[in-house]
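Working notes, beginning with the structure itself.
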């Protein structure tokens with residue numbers, strides 16, 4: 001949803017279907033497929049070297065579900081499809097493929113039969129094995145398809161390949177993607193046949209995540225996957241709803257100091273981290289004894305040079321470009337006059353002008369709440385603080401003392417909030433995340449203001465021989481709580 005600035009009413013965003021969304025990630029026809037069309041040979045390693053769409057358990061209620069091929073091929077986001085199931089034998093599968101409408105608008109131009117040694121050249125695993133619950137002889141073959149002449153590019157890719165493997169889906173995934181080729185499918189369709197989180201657990205352990213997963217309505221969703229917004233579901237066999245989910249990279253908020261003359265900037269940066277790297281960051285934050293209000297970069301700089309460089313390369317070019325663009329005294333080298341710059345020019349700008357700029361202290365990479373909460377639970381030391389408040393009456397300002405008790409991590413969080421925006425009053429800083437602390441500060445200010453105004457009132461009565469009367473009413477503008485300098 002978004003707000004219409006003119007009428008201040010909610011308007012629905014237009015929705016697109018999964019095919020049009022995935023077409024933004026179009027894949028060029030793989031070289032190995034092009035070579036095959038000109039008489040070359042294909043190895044199974046070739047097929048696994050490019051994007052693969054994977055569908056375990058595709059045979060449902062007597063039919064082969066073509067949803068994955070329809071989505072991947074029509075969007076031209078993937079050219080290779082791996083279908084795995086043990087509930088359909090070779091004879092019935094051949095009959096299904098031979099139906100006139102099985103791949104409507106396409107005709108077969110090639111076929112490859114695979115041996116186990118082709119699928120697993122390392123020889124360390126076995127995949128074409130007899131299964132206990134069937135007498136079917138295991139098999140694997142690929143068919144190559146070409147678009148009919150009467151169809152154009154809007155129908156789908158000119159060529160694609162489908163590999164059918166007789167095996168159990170989870171075993172096939174483990175042996176092919178995890179153990180043999182150390183990669184993840186680019187696109188994955190998971191139906192409700194696979195209960196629980198069996199695939200999710202294996203994928204998490206391998207630390208290779210499919211870029212996109214189409215989850216059937218009742219299938220278990222995996223951690224790190226988020227439903228793609230404003231995209232219509234696709235309806236497969238028997239009108240079952242399937243939604244597109246995207247693997248989410250870890251997000252980090254970056255705050256850039258406005259330096260008095262400009263607005264502060266804040267943006268989100270996605271960084272591709274392994275689970276191990278993310279856990280390392282958690283541990284570094286948990287053990288860090290310094291000031292958390294300075295964000296993540298000082299922690300990484302002292303704890304992991306590799307992670308520091310990874311974040312630096314992902315974040316600093318945009319920071320540098322933002323600050324560089326603000327330099328009103330910039331003197332360009334010959335040839336650089338009137339040029340506009342973007343992050344792709346970072347290396348050149350650093351090499352040419354970087355020695356005159358040091359922006360290390362003008363940006364903060366916020367510690368994600370999840371990691372910050374881990375730090376909070378790790379260490380809880382409470383201290384008493386005295387800070388200054390201000391009450392204003394007709395004679396001027398009067399300073400009062402406000403007494404607070406804070407845990408170390410609460411103070412660190414408050415400092416981080418202070419550094420993330422233009423705050424003047426401490427109550428504005430703590431109001432949302434620390435409502436009890438807000439009330440503590442506000443009540444002490446209010447009581448002090450009443451006491452001062454009551455004293456003024458009594459003095460005014462004495463001066464007027466008791467002729468004045470009335471109740472004391474405060475609006476809240478009579479008192480404030482400036483942010484302590486040492487917390488900035």
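The values are calculated or read from the model by the stated rules, or taken from the named source; none is laboratory data. Bear in mind that the values here come from a model prediction, so they are computed numbers and not experimental data. Neighbour counts are summed over all protein chains in view; Cβ atoms, including those assigned to glycine, are modelled from backbone coordinates with ideal geometry.
Being out of contact with any helix residue (DSSP H, G or I) (no Cβ under 6 Å at 6 or more places or on another chain) and part of a helix (DSSP H, G or I) is the filter; apply it to region 203-221 and report the residue that is modelled with the highest pLDDT.
Here the answer is 203.
Among 86, 106, 55, which is the only one that is assigned by TED's automatic domain parsing to the domain that holds residue 194 and within 31 Å of the chain's Cα centre (by Cα)?
On the way: 86 fails: within 31 Å of the chain's Cα centre (by Cα); 106 fails: within 31 Å of the chain's Cα centre (by Cα).
It is 55.
Results for (1) part of a helix (DSSP H, G or I); (2) surrounded by 18 or more Cβ atoms within 10 Å (Cβ to Cβ); (3) modelled with pLDDT of 85 or more, shown as yes or no for each residue.
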site: 454; (1), (2), (3): yes, no, no
site: 465; (1), (2), (3): no, no, no
site: 468; (1), (2), (3): no, no, no
site: 486; (1), (2), (3): yes, no, yes
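In region 413-446, what residues are part of a helix (DSSP H, G or I) and more than 21 Å from residue 384 (Cα to Cα)?
Taking region 413-446 as the starting set, the residues that turn out to be part of a helix (DSSP H, G or I) are 413-419, 426-430, 435-446.
Across region 413-446, the qualifying residue is only 419.
Which of (1) closer than 25 Å to residue 60 by Cα; (2) out of contact with any helix residue (DSSP H, G or I) (no Cβ under 6 Å at 6 or more places or on another chain) does residue 156 not meet, given it meets every other one?
Every condition holds for residue 156 apart from (2).
Go through region 382-418 and report how many residues are crowded, with 17+ Cβ neighbours inside 10 Å and over 41 Å from the mean Cα position of the chain (by Cα).
5
Among the candidates 224, 193, 239, single out the residue that is surrounded by 15 or more Cβ atoms within 10 Å (Cβ to Cβ), on the phi > 0 side of the Ramachandran plot and at pLDDT below 80. If you could, list the steps in order and put the result at the bottom.
Values: 193 fails: on the phi > 0 side of the Ramachandran plot; 239 fails: surrounded by 15 or more Cβ atoms within 10 Å (Cβ to Cβ).
The unique qualifying residue is 224.
Residue by residue, here is whether (1) touching a strand residue (DSSP E or B) at 6+ places or on another chain (Cβ under 9 Å); (2) assigned by TED's automatic domain parsing to the domain that holds residue 213; (3) under 22 Å from residue 227 (Cα atoms) holds:
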position	(1), (2), (3)
20	yes, yes, yes
30	yes, yes, no
39	no, yes, no
45	no, yes, no
63	no, yes, no
68	yes, yes, yes
74	no, yes, yes
78	yes, yes, yes
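I need a count of the residues in region 109-153 that are touching a helix residue (DSSP H, G or I) at 6+ places or on another chain (Cβ under 8 Å) and part of a helix (DSSP H, G or I).
Residues flagged as touching a helix residue (DSSP H, G or I) at 6+ places or on another chain (Cβ under 8 Å) and part of a helix (DSSP H, G or I) within region 109-153 amount to 2.
Take the residues of region 320-349 that are under 25 Å from residue 298 (Cβ atoms) and touching a helix residue (DSSP H, G or I) at 6+ places or on another chain (Cβ under 7 Å): which is surrounded by the most Cβ atoms within 10 Å (Cβ to Cβ)?
Taking the candidates together, the pick is 320.
Testing residue 229 on (1) in a loop (DSSP other than H, G, I, E, B); (2) modelled with pLDDT of 80 or more; (3) closer than 27 Å to residue 171 by Cβ, one condition comes back false. Which one is that?
Every listed condition holds for residue 229 apart from (3).
Select from region 151-190 the residues that are free of Cβ contacts under 8 Å to residues at least 40 places away in the same chain and over 19 Å from residue 51 (Cβ atoms) and write down the one among them that is surrounded by the fewest Cβ atoms within 10 Å (Cβ to Cβ).
Per the stated criteria, the residue is 154.
Which of the residues belonging to region 258-311 are surrounded by 17 or more Cβ atoms within 10 Å (Cβ to Cβ) and either more than 30 Å from residue 407 (Cα to Cα) or not assigned by TED's automatic domain parsing to the domain that holds residue 346 (or both)?
The answer is 271, 273.
Take the conditions loosely packed, with under 13 Cβ neighbours inside 10 Å and either out of contact with any strand residue (DSSP E or B) (no Cβ under 7 Å at 6 or more places or on another chain) or under 30 Å from residue 153 (Cα atoms) (or both) and apply them to residue 90. Does it pass?
Working: loosely packed, with under 13 Cβ neighbours inside 10 Å: no; either out of contact with any strand residue (DSSP E or B) (no Cβ under 7 Å at 6 or more places or on another chain) or under 30 Å from residue 153 (Cα atoms) (or both): yes.
So residue 90 fails the test.
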